[in-house]
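Here's the structure, in structure tokens; my notes come after.
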Amino acid sequence: MAYTVIVHLSNEDPMVAEIEDLPNPTDSYVLLTNPRRRDGKALPHIDRQAVQFLFPWHRITYIEVLASRKPREDVIEFFRK
């Protein structure tokens, strides 16, 4: 099951990507697929033909794991009129 994540790199804007499995503490890098800006546009420093990317842990500040569509639909959100 792929996870959609927001990756916060040191001294860079955050980016959205997919990962197949959550990384283990013993991993030295994170394998990302389909990285893009948060607004969905392509990243300027990445070639469009590349598919997967290895980012070393020392470059990553933290990773946010987003909920999948199915659990998000089950959440009842509060709103005001």
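General observations
- Filter result for Ile6 (out of contact with any Ser or Thr (no Cβ under 6 Å at 6 or more places or on another chain), part of a loop (DSSP other than H, G, I, E, B) and either among the β-branched types (Val, Ile, Thr) or in contact (Cβ under 8 Å) with a residue 40 or more places away in the chain (or both)): no
- Search result, residues across the stretch 56-66 that are closer than 13 Å to Val16 by Cα and not β-branched (Val, Ile, Thr): Tyr62, Glu64, Leu66
- Restricting Arg36, Arg48 to those that are outside any loop (DSSP other than H, G, I, E, B) and farther than 13 Å from Ile60 by Cα reduces the list to Arg36.
- Some residue of the stretch 15-22 being out of contact with any helix residue (DSSP H, G or I) (no Cβ under 9 Å at 6 or more places or on another chain), outside any helix (DSSP H, G or I), among the β-branched types (Val, Ile, Thr) and surrounded by 12 or more Cβ atoms within 10 Å (Cβ to Cβ): yes
Rundown of residues vs (1) farther than 15 Å from Tyr3 by Cβ; (2) in contact with a strand residue (DSSP E or B) (Cβ under 7 Å, 6 or more places away or on another chain); (3) loosely packed, with under 12 Cβ neighbours inside 10 Å; (4) in contact (Cβ under 8 Å) with a residue 40 or more places away in the chain, yes/no style:
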{"residue": "Asn24", "(1), (2), (3), (4)": "no, no, yes, no"}
{"residue": "Ser28", "(1), (2), (3), (4)": "yes, yes, yes, no"}
{"residue": "Asp39", "(1), (2), (3), (4)": "yes, no, yes, no"}
{"residue": "Pro56", "(1), (2), (3), (4)": "yes, yes, yes, no"}
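Each reported figure results from applying straightforward, stated rules to the coordinates on display, with no laboratory input. All values reported here derive from a predicted model rather than from experimental measurement. In this analysis, Cβ positions are derived from the backbone assuming ideal geometry, glycine residues included, and neighbour counts consider all displayed protein chains.
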